[in-house]
Amino acid sequence: MNNLLTIKLAERLLLLRKSKDLSLEQLSVESGISRSTLSRLEKAEVSPTTEILGKLCAVYGLSLTRMLSAVEDSFEKVIRVKNQSLWEDKTTGFNRRSISPPSNSLAAEVVECQLRADTHLSYDSPSIAGQEHHLIMLDGYLELTIEAEKHCLNAGDSLRYKLFGASKFETTKRSPAKYLLVLI
């Protein structure tokens, strides 16, 4: 994540917390993120990981893409690949490119996700309960556990689901995964 995006995201996180009239301590309890980490995020001293953003999105009832799009440019009809926002979590090896970002006037958003080999991402709860997901595997192998039901996906496979509980994304030691995720 570039420095400007980190600063804008920090401002957005502070604004969201204040709009919910939450103290850092209250947000810490609701999100499970330490008060000191929250403070450092809001001051743009650190860039958030996927897991941390996921927890904050759950508290605020936002998808990760909506959280990130709020700090990026507004709606465009054509989004050239060079202008598509790329977010990288170097800690986990998760890359997320916003192919078709969310918009107030459009129902769906499309993201391209890449997980390096031997990666495990877990989310305790969805940012938006019941949100419709369409996952299309482009390359590699992915084990996706949705509310305790495991799905093994290869290139060309698709999985459709509405998410109400925990989810876990796992790649094997030998195979990364690349997939499209359509959120409605």
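Bear in mind that the values in this text are calculations on the coordinates, not laboratory data. Every value quoted in this text rests on a predicted model; they were computed, and no experiment measured them. Every residue, glycine as well, gets a Cβ built from its backbone with ideal geometry; the counts of neighbours run over all protein chains shown.
Do you know the relative contact order of segment 1-154, to the nearest whole percent, from alpha carbon pairs under 8 angstrom that are 6+ apart?
Averaging sequence separation for qualifying contacts and normalising by length gives 19 percent for segment 1-154.
For the chain, what does -39500 (n - 2.57) per DSSP helix run (n ≥ 4), summed and divided by total residues, give at 222 nm, in deg cm²/dmol to the nearest 500?
Counting only the DSSP helices, I get -8000 deg cm²/dmol.
Quick one: of K43/K173; K43/K162; K55/K77; K77/K178; K8/K150, which pairs are farther than 28 Å apart, Cα to Cα?
Going by Cα-Cα distance, K43/K173; K43/K162; K55/K77; K8/K150 fall outside the 28 Å limit.
Compute the Rg to Rh ratio over the chain from the alpha carbon atoms, using the Kirkwood formula for Rh, and round to two decimal places.
Ratio value, two decimals: 0.95.
From the residues A10, H133, L56, which one has its Cα farthest along the dipole of the chain in the positive direction, the dipole being from +1 and -1 charges on Cβ of Lys/Arg and Asp/Glu about the Cα centre?
The residue sitting farthest along the positive end of the dipole is A10.
Checking a compactness column here: for segment 34-78, what do you get for Rg(Cα) / (2.2 N^0.38 Å), N being the number of residues?
Rg over 2.2 N^0.38 Å, computed on Cα atoms: 1.31.
So which GluC sites (Glu not before Pro) in segment 25-85 end up in coil per DSSP with only 13 or fewer other C-beta atoms within 10 Å?
E45, E76
How about segment 38-129: which chymotrypsin sites (Phe, Trp or Tyr not before Pro) there lie in a loop by DSSP and see at most 13 other Cβ atoms within 10 Å?
For chymotrypsin sites (Phe, Trp or Tyr not before Pro) across segment 38-129 that sit outside H, G, I, E and B with at most 13 neighbouring Cβ atoms in 10 Å, the list reads F75.
Starting from the Cα-Cα distance between Q84 and A148, subtract it from 0.36 nm times their residue separation and give me the gain in nm to one decimal.
19.7 nm
Output ³J(HN,Hα) for segment 165-177: one whole-Hz value per residue in order, computed from phi by the Karplus curve 6.51 cos²θ - 1.76 cosθ + 1.60 with θ = phi - 60°, and x for Gly and Pro.
Karplus-based 3J(HN,Hα) across segment 165-177 equals x, 5, 9, 9, 10, 9, 10, 7, 5, 9, 10, x, 9 Hz.
Considering only DSSP states other than H, G, I, E and B, which trypsin sites (Lys or Arg not before Pro) in segment 16-118 qualify as loop sites with at most 13 other Cβ atoms within 10 Å?
K20, K43, K77, R80, K90
Which log10 I(q)/I(0) values, to two decimals, does segment 3-69 give at q = 0.11, 0.18, 0.20, 0.23 Å⁻¹ under the Debye formula with one point per Cα?
With one equal scatterer per Cα and no solvent, log10 I(q)/I(0) is -0.20, -0.57, -0.72, -0.99.
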